[in-house]
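Right, one structure below, let's go through it.
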Amino acid sequence: MWLDFLKINNKILRILQNCPIRTHVLELYTKFNLLSLDKLHKHQIILLVFKCLNYAHLLPPLYANYFVLNAEVHDYNTRASTDLHVLGPRSTFRQRCMRYKGGMLWNRLPARLKLPSSIPVLKRKIKTYLSSQ
């Protein structure tokens with residue numbers, strides 16, 4: 001199903017841009033300044049993590065303590081104390097869970113993107129970061 005949706009999305013982009021079938025997908029997204037679907041998915045997950053950490057009052061109470069920093073788990077001053085605490089997955093199902101995926105994506109971000117800012121500024125920065133990958 002996901003693959004079918006991806007194909008339809010790419011086809012729509014080709015039609016809108018009047019490009020031949022052999023046009024690379026990356027070029028299609030770059031012309032319209034869009035993120036591919038997998039990068040858009042990552043963008044939304046990172047945005048949720050940011051809101052949970054900095055704007056928890058805007059989210060439902062369920063997300064109050066959804067993500068935990070390593071500094072809150074132990075008292076050791078380590079390089080990873082500002083990263084999110086991520087438990088290792090025991091199954092492939094756990095790898096797809098929001099807590100694991102969000103933690104992994106957040107921990108891979110450069111430190112400059114993790115700094116508190118407004119939501120629109122972060123959206124722009126994350127989009128630039130993901131489109132450069």
Exercise. Taking the condition exposed (fewer than 11 other Cβ atoms within 10 Å of the Cβ) and either at pLDDT below 85 or within 30 Å of Leu3 (Cα to Cα) (or both), does Thr128 pass?
Worked result: yes
Problem set entry | Selected residue (criterion: surrounded by the fewest Cβ atoms within 10 Å (Cβ to Cβ)) from residues of region 61-81 that are among the aliphatic types (A, V, I, L, M) and under 21 Å from the mean Cα position of the chain (by Cα) | Leu62
For this session: State which residue pairs qualify: first residue on the phi < 0 side of the Ramachandran plot and inside region 13-33, second residue surrounded by fewer than 10 Cβ atoms within 10 Å (Cβ to Cβ) and at pLDDT 85 or above in any location, beta carbons under 8 Å apart, and separation of 6 or more residues or different chains.
Result: Arg14/Pro20
Exercise. How many residues are in contact (Cβ under 8 Å) with a residue 60 or more places away in the chain and in a helix (DSSP H, G or I) if we restrict to region 100-112?
Worked result: 2
Problem set entry | Where Phe93 falls short, out of the listed (1) under 14 Å from the mean Cα position of the chain (by Cα); (2) surrounded by fewer than 16 Cβ atoms within 10 Å (Cβ to Cβ); (3) not in a loop (DSSP other than H, G, I, E, B) | (1)
Seminar exercise, completed: By residue number, the members of region 1-36 that are part of a helix (DSSP H, G or I) and surrounded by 14 or more Cβ atoms within 10 Å (Cβ to Cβ) are Leu6, Asn9, Asn10, Leu13, Arg14, Leu28, Tyr29
Seminar exercise, completed: Only one of (1) at pLDDT 85 or above; (2) closer than 23 Å to Asp4 by Cβ does not apply to Leu26, and that is (1)
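The values are calculated or read from the model by the stated rules, or taken from the named source; none is laboratory data. No experiment lies behind these values; they were computed from the predicted model shown. All Cβ positions, glycine included, derive from the backbone under ideal geometry; neighbour counts span all protein chains shown.
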